[in-house]
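Here the structure is laid out as structure tokens; the discussion comes afterwards.
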Amino acid sequence: MITEGLELITKDTVTTLTGAVIVTNIITHFVKDYTPEFLDKKIVALLVAAFIMFANQCIFGTFTIQSVYMSFLNSFIVAAAAMGNYEILTKKTKRRIKKDLQLQELNFKEEEQKNEVQKDSNI
């Protein structure tokens, strides 16, 4: 059955660890540039994760003292997973950029050597 619109994030998705981590990554990515400098990005990720976990409890009607406590604990897991994903992605990107720059530098040096050889042969 075809539904109206495209549902990328659903109730079933956001109430899982994977869904909470994805939503935390996305929100943190957009919010982190607008937070004060003294606030560490890890704290921002934790606050976003806690907000998502508590919002799930409030919106989906499972708000109890026990669920609040579990959401608080689970928000640390979600934040840690979200930070791990971000660090892995940025480290891979940085490594790829560094490798590309080293390759460009090597190519540039080879071109310089060829030009010097050509100049020497012309003299």
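Within this structure, Val44 passes the test of being in contact with a Lys or Arg (Cβ under 9 Å, 6 or more places away or on another chain) and modelled with pLDDT of 80 or more.
Residues checked against (1) loosely packed, with under 12 Cβ neighbours inside 10 Å; (2) in contact with a Phe, Trp or Tyr (Cβ under 9 Å, 6 or more places away or on another chain):
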site	(1), (2)
Ala55	no, no
Gln66	yes, no
Ser71	no, yes
Phe76	no, no
Gln102	yes, no
Ser121	yes, no
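Restricting attention to segment 24-76, the residues being within 21 Å of Thr10 (Cβ to Cβ), part of a helix (DSSP H, G or I), of a type in the set (Ser, Thr, Tyr) and free of Cβ contacts under 8 Å to residues at least 24 places away in the same chain number 2.
The values are calculated or read from the model by the stated rules, or taken from the named source; none is laboratory data. The shown structure was predicted, so the numbers you read here are calculated from the model rather than taken from an experiment. Cβ sites come from the backbone with ideal geometry, for glycine too, and all protein chains shown count toward neighbours.
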